[in-house]
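Working notes for the structure below.
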């Protein structure tokens, strides 16, 4: 009976259980993200520091729709191809020395910022943040729902829904 407990404790001490450690983000790389309906895609290039939305035809050919300056690691493109949500670059983990004014969501319409949502708006009570091995966990991006609204779930189990056209919270 004691052997599994000792073995489990040994794994915890050695850090061999993945949940006990945070993995560093991969280096920036060229990425393409499609809208759920696959009619649009956004390609983001860390070298050129540009992100470009394209219309995708039935044959898979792409034609430029709009673009904006910047490379972004965490992108969500709406089915209309006009609205984009940029998530915090660190994804669901905050640095230990985070600031409550950290931008967590940026709502964009054809390359123009509509609204930015700060950490303090998502998590008004910072005591709700969960400590990981080397960061703070704030929540997760759920993406666009079937109604076209953008959703996140915070660490305190609140499900927040946003209108991508205005960046305003719906619930």
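Name the residue, out of 120, 99, 112, 64, that is modelled with pLDDT of 95 or more, surrounded by fewer than 16 Cβ atoms within 10 Å (Cβ to Cβ) and touching a strand residue (DSSP E or B) at 6+ places or on another chain (Cβ under 6 Å). Answer to the check: 64. Considering segment 19-38, and only residues there that are more than 18 Å from the chain's Cα centre (by Cα) and not in a loop (DSSP other than H, G, I, E, B), the residue that is surrounded by the fewest Cβ atoms within 10 Å (Cβ to Cβ) turns out to be 19.
How many residues does segment 67-94 hold that are within 23 Å of residue 128 (Cβ to Cβ) and either crowded, with 19+ Cβ neighbours inside 10 Å or touching a strand residue (DSSP E or B) at 6+ places or on another chain (Cβ under 8 Å) (or both)? The number of residues fulfilling the criteria is 8.
Checking each residue in segment 131-146 for being under 13 Å from residue 98 (Cα atoms), part of a strand (DSSP E or B) and in contact with a strand residue (DSSP E or B) (Cβ under 6 Å, 6 or more places away or on another chain) picks out 136, 137.
Applying the criterion of being part of a loop (DSSP other than H, G, I, E, B) and under 19 Å from the mean Cα position of the chain (by Cα) to the residues of segment 39-76, the residue that is nearest to residue 146 (Cα to Cα) is 74.
The rows are residues; the columns are (1) more than 14 Å from the chain's Cα centre (by Cα); (2) without any contact (Cβ under 8 Å) to a residue 60 or more places away in the chain; (3) in a helix (DSSP H, G or I); (4) closer than 30 Å to residue 39 by Cβ.
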{"site": "79", "(1), (2), (3), (4)": "yes, no, no, yes"}
{"site": "91", "(1), (2), (3), (4)": "no, no, no, yes"}
{"site": "114", "(1), (2), (3), (4)": "yes, yes, no, yes"}
{"site": "121", "(1), (2), (3), (4)": "yes, yes, yes, no"}
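The values are calculated or read from the model by the stated rules, or taken from the named source; none is laboratory data. Because the structure is predicted, anything quoted here is derived from the model rather than measured. Ideal geometry is used to build each Cβ from the backbone, glycine not excepted, and the neighbour counts take in all protein chains shown.
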